[in-house]
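What follows is a set of notes on a single structure, which appears directly below.
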Amino acid sequence: MRQFSHEISVATRGKGFYEITGEAGSWLSGLGISEGLLTVFIRHTSASLTIQENADPDVVCDLEKFFSRLAPENDPLYTHTTEGPDDMPAHVRAALTQTQLSIPVARGRMALGTWQGIYVFEHRRHPHRRQVALHLMGE
Amino acid sequence: MRQFSHEISVATRGKGFYEITGEAGSWLSGLGISEGLLTVFIRHTSASLTIQENADPDVVCDLEKFFSRLAPENDPLYTHTTEGPDDMPAHVRAALTQTQLSIPVARGRMALGTWQGIYVFEHRRHPHRRQVALHLMGE
Amino acid sequence: MRQFSHEISVATRGKGFYEITGEAGSWLSGLGISEGLLTVFIRHTSASLTIQENADPDVVCDLEKFFSRLAPENDPLYTHTTEGPDDMPAHVRAALTQTQLSIPVARGRMALGTWQGIYVFEHRRHPHRRQVALHLMGE
């Protein structure tokens with residue numbers, strides 16, 4: 001059994017979904033591993049990860065609208081407001097989605113379903129550079 | 001360290017919870033692995049996974065009611081409606097729960113708590129066949 | 001490749017967040033593993049796990065307030081009420097967050113971002129003792 005680590009950096013331009021399936025797959029395919037487990041981990045608490053449909057782009061647009069409504073800015077509930085009106089909603093959205101995803105690898109590829117894509121889900125208004133750690137164990 | 005892969009297929013009959021603890025456990029127990037990590041991965045974006053109480057069946061009924069209210073059908077928020085009124089709520093429900101779960105294995109069994117069961121959480125109205133990938137690493 | 005298991009017990013004193021980053025890190029640092037994958041698994045369905053900001057304590061206070069409002073006690077939606085008004089909301093909150101987290105290990109430490117802490121998220125009113133399984137695979 002061998003293991004490999006890598007980090008990818010994702011430049012986000014405001015709230016929404018940024019697909020990283022291709023970049024993770026490219027790294028994986030260069031390692032010569034047939035079976036294993038790929039872990040994707042985002043090193044932030046105001047951006048997160050999700051696996052969602054990557055066929056119709058309206059799906060992730062609608063998801064963004066749903067989360068914006070569920071955790072609105074300027075909610076009088078919040079005490080933590082010094083980092084801006086989008087910061088506390090960002091933490092809520094991150095808590096409701098994933099910081100980490102692990103995906104089985106079979107025949108050298110991630111065992112994703114036909115329509116599954118891996119996304120960084122950005123929760124802040126302004127551009128950010130997001131660090132995503134990849135870890136693969138397999139042989 | 002060794003690894004094993006398997007896929008189970010779950011026939012769902014509408015929205016709700018379908019327990020797979022027994023099927024995953026049966027596969028595990030035949031492998032002769034004492035310690036390791038079992039990963040469960042659902043290959044869909046309109047069904048998901050969750051670990052929940054499997055003692056009182058009212059718990060998962062109430063969970064279904066909660067998610068149906070939180071992400072109702074026919075919400076005017078959505079643009080993606082061509083796949084039916086239950087499709088976009090399905091993606092929301094999947095985003096709010098899990099696509100993947102990893103469970104430590106100790107003494108040949110999943111280290112689940114007393115009342116924990118692994119469920120496929122179906123988000124669509126009509127029957128579906130859901131593919132769930134299992135991956136075990138251990139020895 | 002080697003693997004290690006451990007269990008930590010967290011005494012909670014009502015709803016809220018209990019950080020376990022230090023305790024998990026201490027166990028890890030004693031194992032002499034440089035690269036690997038650490039899995040944290042909570043063996044309950046009315047408490048869960050999350051990775052959140054550990055800089056400003058207002059963040060987790062606001063998260064607690066958000067989840068209390070999203071899944072209020074005494075909601076007439078629920079059938080499962082025999083375990084108390086906080087029990088069914090606890091299952092909802094657990095379903096919306098994580099039962100398991102896996103974190104890559106690099107250079108002997110968890111590859112957490114600067115502000116990331118690992119928390120047990122308690123969803124019940126009364127004190128509980130929560131069992132958290134740790135599993136490490138690496139070398």
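Taken together, the values in this text are just the output of simple stated rules run on the coordinates, not laboratory data. In this text, all values refer to a predicted model and were calculated from it rather than measured experimentally. Glycine also receives a Cβ, built like all others from the backbone with ideal geometry; neighbour counts cover every protein chain displayed.
Listed here are the residues, each with its yes/no results for (1) over 23 Å from A:GLN100 (Cα atoms); (2) within 7 Å of another protein chain (Cβ to nearest Cβ).
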{"residue": "B:THR50", "(1), (2)": "no, yes"}
{"residue": "B:ASP56", "(1), (2)": "yes, yes"}
{"residue": "B:SER68", "(1), (2)": "yes, no"}
{"residue": "B:GLU73", "(1), (2)": "yes, no"}
{"residue": "B:ASP87", "(1), (2)": "yes, no"}
{"residue": "B:ARG93", "(1), (2)": "no, no"}
{"residue": "B:VAL105", "(1), (2)": "no, no"}
{"residue": "B:MET110", "(1), (2)": "no, no"}
For strands (runs of 3 or more DSSP E) lying entirely in the stretch B:1-104, having 1 or more residues that are basic (Lys, Arg) picks out B:2-13
What about B:THR81, is it over 21 Å from A:LEU49 (Cβ atoms) and either under 17 Å from the mean Cα position of the chain (by Cα) or not acidic (Asp, Glu) (or both)?
yes
Could you check, for the stretch A:39-48, whether at least one of its residues is touching a Pro at 6+ places or on another chain (Cβ under 9 Å) and aliphatic (A, V, I, L, M)?
no
Could you check, for the stretch A:107-121, whether at least one of its residues is without any contact (Cβ under 8 Å) to a residue 40 or more places away in the chain and either surrounded by 24 or more Cβ atoms within 10 Å (Cβ to Cβ) or charged (D, E, K, R) (or both)?
no
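Per-residue answers, yes or no, for (1) touching a residue at least 24 places away in the same chain (Cβ under 8 Å); (2) more than 23 Å from A:ARG43 (Cα to Cα):
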position: C:PHE17; (1), (2): yes, no
position: C:GLY22; (1), (2): no, no
position: C:SER46; (1), (2): yes, yes
position: C:GLU53; (1), (2): yes, no
position: C:THR79; (1), (2): no, yes
position: C:HIS91; (1), (2): yes, yes
position: C:THR99; (1), (2): yes, no
What single numbered condition from (1) surrounded by fewer than 16 Cβ atoms within 10 Å (Cβ to Cβ); (2) farther than 13 Å from A:MET137 by Cβ fails to hold for A:ARG2?
(2)
Can you find a residue in the stretch A:115-129 that is more than 9 Å from chain B (Cβ to nearest Cβ), part of a strand (DSSP E or B), in contact with a Phe, Trp or Tyr (Cβ under 8 Å, 6 or more places away or on another chain) and of a type in the set (A, V, I, L, M)?
yes
All but one of (1) in contact with a helix residue (DSSP H, G or I) (Cβ under 8 Å, 6 or more places away or on another chain); (2) buried (at least 16 other Cβ atoms within 10 Å of the Cβ); (3) without any contact (Cβ under 8 Å) to a residue 40 or more places away in the chain hold for B:GLU73; which doesn't?
(2)
Restricting attention to the stretch C:33-47, which residues are β-branched (Val, Ile, Thr), over 14 Å from A:SER102 (Cα atoms) and facing another protein chain (nearest Cβ under 7 Å)?
C:THR45
Given the structure, is B:GLU53 under 30 Å from C:GLY138 (Cα atoms) and either of a type in the set (Lys, Arg) or over 12 Å from the mean Cα position of the chain (by Cα) (or both)?
no
